[in-house]
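*Asks:* Let me give you the structure first, and then I'll get to my questions.
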Amino acid sequence: MASVHKATTLVLMFCLLALGRAEYLKYKDPKQPVAVRIKDLLGRMTLAEKIGQMTQIERENATADALAKYFIGSVLSGGGSVPAPQASAQAWAAMVTEMQKGALSTRLGIPIIYGIDAVHGHNNVYKATIFPHNVGLGATRDPDLVKRIGEATALEVRATGIPYAFAPCIAVCRDPRWGRCYESYSEDPKVVQSLTSLISGLQGDAPADSAGRPYVGGSKKVAACAKHYVGDGGTHNGINENNTIIDTHGLLSIHMPPYYNSIIRGVSTVMVSYSSWNGVKMHANHFLVTDFLKNKLKFRGFVISDWEGIDRITTPPHANYSYSIEAGVGAGIDMIMVPFRYTEFIDDLTTQVQNKVIPMSRIDDAVYRILRVKFTMGLFENPYPDSSLAGELGKQEHRELAREAVRKSLVLLKNGKSSYAPLLPLPKKAGKILVAGSHANDLGNQCGGWTITWQGSSGNTTAGEWRARLLFPVWISATVRLTCGRDKDS
């Protein structure tokens, strides 16, 4: 009887040992190389799980149940999309936490990556630090300043539990009629190239041998996104989302150089432009997305569409959705921003893969790239927000950095009637100073678009004189009377 009991015990121990070995998952082991972890996880995934990873949906739809049911890979906040008006850092983090719980409850427990437009600071969030837009930063010609702004922005974005920023915009604006010129650093590609330093601020300094691989240097950094690929600043007559008519040499010498630098800096993602190049929609341009960006430039992160960018491949948008999905995914877009109609996208893409319209190899390439970014940034080890960072939002040091940026962004076009009769510098103890112009006493206009809401707003919450003293504390004596007005009669 004792021998039977002993044998039974040995068999049970052997079974438990075997079970323990069977449950070892390489993709969950941070000691394994990233490539090994990706290959292991990818090999375990079903088609539904893969397509879910390629799907990015809007915050409003991202319930824990929806994330789990469809294996959603990413969530975003569009401009003005917030958990509550004037939501705190803690409220944002709590929202991200609940979503992450839904994603992690799935069979494989793949975390979501939450993205947001943080294009001049964490601009969607109440009490975050607002920095000058890119057109102002371009005027500073100061890559180190821009890098420090990236560092501050990364901390504030992480303070709300978000690990991914849709920034920087590296458009080379060639026509001032383009309504988004303020999002461009310069019409000079060399200036734009130099200010890709924002990426190093957001993500950290990539190793010299990164060779196009994405890099995110720890839990206080965020994944960056170079956008909008490519030629968005060169459209005909400056019309937004229009056609960029230029030969290959012009495209590569004017609009492409900032992407070279972004890839060297280890940028994690690239967002495709709504615009076209010589009549071909960028969201359907296989040559530029796959052949050039991925194959020639060796970009190893993932390519993401713009907001409903797949829909806009056709005119009118969404006119032939199956074609748009085939063209967009086939062109090489890896993650599709489908804020609202995500179930339609998932169903259609699934059918196309099952019918071999879109090959499984294309799906695997997309998911491999998405997982590479998630593993690289440590999402599997640290999927939840770090509550200790909440105090970084609107931090005083960041506000002082914003004031430095504003001062350095000022451009003197003319100093008085002649060099013999300069207007500046003004005497520090002048009796009165008039600050004039349509934006002189309008904080909303000074901040511009992408401030709390997508287009921003006009108006004030702070007295104009007080704002001026905050921006120029060293220059303006306390005895000086400041008058801020919209016209010359103020």
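The values are calculated or read from the model by the stated rules, or taken from the named source; none is laboratory data. As the structure is a prediction and not an experimental result, all values here were calculated from the model. Don't worry about glycine lacking a Cβ; one is built from the backbone with ideal geometry, like all the others, and counts go over all protein chains shown.
*Asks:* What are the pairs, 6+ residues apart or on separate chains, where a residue within segment 212-226 that is more than 12 Å from Gly150 (Cα to Cα) and part of a loop (DSSP other than H, G, I, E, B) has its Cβ under 6 Å from a residue that is polar (S, T, N, Q) and at pLDDT 95 or above?
*Replies:* Pro214/Ser268; Pro214/Thr376; Tyr215/Gln203; Val216/Gln203; Val216/Thr376; Ser219/Asn382
*Asks:* Could you check how many residues of segment 310-329 are closer than 15 Å to Ile358 by Cβ and within 23 Å of the chain's Cα centre (by Cα)?
*Replies:* Number satisfying all stated conditions: 5.
*Asks:* Moving to a separate point now. Which of (1) farther than 30 Å from Phe380 by Cβ; (2) out of contact with any strand residue (DSSP E or B) (no Cβ under 8 Å at 6 or more places or on another chain); (3) surrounded by 21 or more Cβ atoms within 10 Å (Cβ to Cβ); (4) among the hydroxyl-bearing types (Ser, Thr, Tyr) is the odd one out, the single condition Tyr126 does not satisfy?
*Replies:* Result: Tyr126 passes all but (3).
*Asks:* Does Ala91 count as assigned to a helix (DSSP H, G or I), farther than 19 Å from Ile57 by Cβ and at pLDDT 95 or above?
*Replies:* So Ala91 fits the description; yes.
*Asks:* Separate question: Could you please let me know if Gly79 is within 22 Å of Ala223 (Cα to Cα) and either modelled with pLDDT under 95 or not in a helix (DSSP H, G or I) (or both)?
*Replies:* yes
*Asks:* If only one of Ala159, Ala223, Ala139, Ala167 is closer than 24 Å to Ser409 by Cα and either of a type outside the set (Gly, Ala, Ser) or crowded, with 23+ Cβ neighbours inside 10 Å (or both), which one is it?
*Replies:* Among Ala159, Ala223, Ala139, Ala167, only Ala167 is closer than 24 Å to Ser409 by Cα and either of a type outside the set (Gly, Ala, Ser) or crowded, with 23+ Cβ neighbours inside 10 Å (or both).
*Asks:* Now for a different question. Please determine, by comparing only the residues of segment 226-251 that are among the hydrophobic types (A, V, I, L, M, F, W, C) and under 28 Å from Thr376 (Cβ atoms), which one is surrounded by the most Cβ atoms within 10 Å (Cβ to Cβ).
*Replies:* Looking at residues that are among the hydrophobic types (A, V, I, L, M, F, W, C) and under 28 Å from Thr376 (Cβ atoms), I get Val230.
*Asks:* Moving on to the next point. Which of the following residues is farther than 12 Å from Ile452 by Cα, in the same structural domain as Ser268 (by TED's automatic domain parsing) and free of Cβ contacts under 8 Å to residues at least 40 places away in the same chain: Ala66, Ala87?
*Replies:* Ala66
*Asks:* Which one of these is hydrophobic (A, V, I, L, M, F, W, C) and either modelled with pLDDT under 95 or not in a helix (DSSP H, G or I) (or both): Ile263, Ile254, Ile246?
*Replies:* One residue alone meets the criteria, Ile246.
*Asks:* On the given criteria, is Gly309 buried (at least 19 other Cβ atoms within 10 Å of the Cβ), of a type outside the set (Val, Ile, Thr), in contact (Cβ under 8 Å) with a residue 24 or more places away in the chain and on the phi > 0 side of the Ramachandran plot?
*Replies:* Criteria not met by Gly309.
*Asks:* Mind listing whichever residues of segment 348-363 are more than 15 Å from Thr290 (Cα to Cα) and hydroxyl-bearing (Ser, Thr, Tyr)?
*Replies:* Thr350, Thr351 - these are the residues of segment 348-363 that are more than 15 Å from Thr290 (Cα to Cα) and hydroxyl-bearing (Ser, Thr, Tyr).
*Asks:* State which residue is nearest to the chain's Cα centre (by Cα) when the search covers only segment 289-302 and only residues that are in contact (Cβ under 8 Å) with a residue 40 or more places away in the chain and surrounded by fewer than 22 Cβ atoms within 10 Å (Cβ to Cβ).
*Replies:* Of everything passing the filter in segment 289-302, Arg300 is nearest to the chain's Cα centre (by Cα).
*Asks:* Shifting gears a bit: Quick check on my filter: what residues within segment 135-185 are of a type outside the set (D, E, K, R), touching a strand residue (DSSP E or B) at 6+ places or on another chain (Cβ under 9 Å) and under 17 Å from Asn237 (Cα atoms)?
*Replies:* Ala171, Val172, Cys173, Ser184
*Asks:* Could you list all residues from segment 143-176 that are outside any loop (DSSP other than H, G, I, E, B) and either of a type in the set (Gly, Ala, Ser) or without any contact (Cβ under 8 Å) to a residue 24 or more places away in the chain (or both)?
*Replies:* Scanning segment 143-176 gives Gly150, Ala152, Ala154, Ala159, Ala165.
*Asks:* Criterion first (of a type in the set (Gly, Ala, Ser), under 25 Å from Tyr164 (Cβ atoms) and out of contact with any Phe, Trp or Tyr (no Cβ under 9 Å at 6 or more places or on another chain)) does Ser305 satisfy it?
*Replies:* Yes: the conditions hold for Ser305.
*Asks:* Just a yes or no: is a residue in segment 364-387 surrounded by 15 or more Cβ atoms within 10 Å (Cβ to Cβ), over 21 Å from Lys39 (Cβ atoms), more than 22 Å from the chain's Cα centre (by Cα) and not charged (D, E, K, R)?
*Replies:* For segment 364-387, residues surrounded by 15 or more Cβ atoms within 10 Å (Cβ to Cβ), over 21 Å from Lys39 (Cβ atoms), more than 22 Å from the chain's Cα centre (by Cα) and not charged (D, E, K, R): absent.
*Asks:* Report yes if some residue within segment 31-38 is closer than 24 Å to Ile358 by Cβ and among the hydrophobic types (A, V, I, L, M, F, W, C); otherwise report no.
*Replies:* Yes, because at least one residue in segment 31-38 is closer than 24 Å to Ile358 by Cβ and among the hydrophobic types (A, V, I, L, M, F, W, C).
*Asks:* So which residues in segment 109-139 are in a loop (DSSP other than H, G, I, E, B), more than 23 Å from Thr97 (Cα to Cα) and touching a Phe, Trp or Tyr at 6+ places or on another chain (Cβ under 8 Å), if there are any at all?
*Replies:* Within segment 109-139, Val119, His120, His133 meet the criteria.
*Asks:* Something else: Can you say whether Glu381 is in the same structural domain as Thr160 (by TED's automatic domain parsing), acidic (Asp, Glu) and in contact (Cβ under 8 Å) with a residue 12 or more places away in the chain, as far as the supplied structure shows?
*Replies:* Taking the combined requirement at face value, the residue satisfies it.
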